[in-house]
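Colleague: Quick one: structure below, then a few questions.
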Amino acid sequence: MQPVLEFIQRHERSYTYSVRAPQKSAAMREAAYVDRGLTSLAACVFDAAQALSHNFPRAHIRYQGLCMGEIEVSRLRACSEFIAQQLKAEYARRSASESAVPIAAAG
């Protein structure tokens, strides 16, 4: 089993993460662990990796409610700053493409 590791930005400088079991149905499972109050996403990624590294080699990653794939926990720990930048960039890319509204042809 690979846990689901979800990162959420609460405020400008407040990040949190939660760990839960993967869902097998449409219902979202309750988090088994939640950490609140880290001041950067990179610190949040590193802290989560430290917590998971003893028991899980890989984790499913979510950021701001979007599935971002899966990654080795050791990579989260070794490259936390880079991973944080990548999560933000991918989230911005997806958000921009979702907010692009097609213009209806005049008719």
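Colleague: Can you give the three extents of the C-alpha atoms in the range 4-94 along their principal axes, from longest to shortest, in whole Å?
Modeller: If we take the Cα atoms of the range 4-94, the spans are 31, 28, 24 Å.
Colleague: What is the dipole size for the range 4-94, taken about its Cα centre, with +1 at each Lys and Arg Cβ and -1 at each Asp and Glu Cβ, in debye to the nearest 20?
Modeller: 200
Colleague: At a 10 Å Cβ-Cβ cut-off, how would you order GLU90, GLU6, GLU12, fewest neighbours first?
Modeller: Least crowded to most crowded, the residues run GLU12, GLU90, GLU6.
Colleague: What is the order of PHE56, PHE46, PHE82, PHE7, fewest Cβ neighbours within 10 Å to most?
Modeller: Listing PHE56, PHE46, PHE82, PHE7 from fewest to most nearby Cβ atoms yields PHE82, PHE56, PHE46, PHE7.
Every number here is computed from the coordinates shown, using simple stated rules; none is lab data. From a predicted model like this one, the values you see are computed outputs, not experimental measurements. Don't worry about glycine lacking a Cβ; one is built from the backbone with ideal geometry, like all the others, and counts go over all protein chains shown.
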